[in-house]
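The values are calculated or read from the model by the stated rules, or taken from the named source; none is laboratory data. As the structure is a computational prediction, the values presented were derived from the model and not from experiment. Areas reflect the complete protein model, heavy atoms only, side chains present, ligands, DNA and RNA absent. Shrake-Rupley method; radii C 1.70, N 1.55, O 1.52, S 1.80 Å.
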Amino acid sequence: MAFTVPAPRAPLDGPLAHWYERELGWAVSAGPPVHLLTGLRFDVLELPATAGFALLERYGNTGPVALMGHRMRLLVAAGSADELPGLLDWLEWGGVGLDLTAIGTGGRITAPLPPGWAGSRGAAVWLRPPEPGCEVEACLPSFTGITQCGGAGGRGAGESPGNALRGGRATGLSLVRLVAAAATECHRARLIHAKSPGGAGNAGTQPFCFS
């Protein structure tokens with residue numbers, strides 16, 4: 001019986017995968033393209049780039065932020081994707097078409113190019129890159145706010161999400177404040193698009209869509 005020797009497994013898209021594995025310790029999937037696995041070290045909040053840029057103008061302490069085409073991706077604490085539907089309901093945005101989604105356990109995103117790396121037009125890039133050697137969890141918006149790498153402070157034990165939304169004792173950006181701001185900007189971008197020439201608010205035009 002003849003046996004076929006399998007071909008050697010190709011490296012995981014070479015330098016890019018190695019950079020994430022060695023510099024950041026992040027889990028990646030086989031490429032090309034290389035993907036970052038969500039739900040392990042972080043989840044991802046995704047929204048239209050137009051709304052995302054307006055959000056970044058308001059807040060500096062967001063944690064790492066990436067851009068992929070017309071979509072912006074903000075890294076948030078692992079587990080946040082499961083909290084998003086209930087949080088939007090609590091913020092009275094439930095049922096509104098915001099084009100605001102989250103990617104969590106079992107998901108993945110295209111790995112953005114690190115700063116200074118050359119890539120093709122439209123490639124995913126970092127707008128606010130993660131810092132090699134810095135534990136990403138400490139930099140991410142969560143219910144306790146950012147505690148390191150982006151500002152001190154956090155929501156104390158027993159403090160309600162409402163206090164975090166109003167500022168409370170948190171000096172970093174909490175998940176509640178981030179989602180509230182993101183929802184507002186998504187809604188504002190949707191209204192602007194609908195009122196623009198060719199937008200959804202004009203008769204005979206195509207339905208509203210960001211992507």
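So the values come out like this:
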read-out	value
Base-10 log of normalised Debye intensity for segment 34-80 (one unit scatterer per alpha-carbon) at q = 0.20, 0.33 Å⁻¹	-0.66, -1.24
Diffusion coefficient, µm² s⁻¹, Stokes-Einstein with Kirkwood Rh over alpha-carbon pairs of segment 1-141 at 10 °C and 1.306 mPa s	97 µm²/s
Segment 9-100 - percent of accessible surface contributed by carbon and sulfur, probe 1.4 Å	53 percent
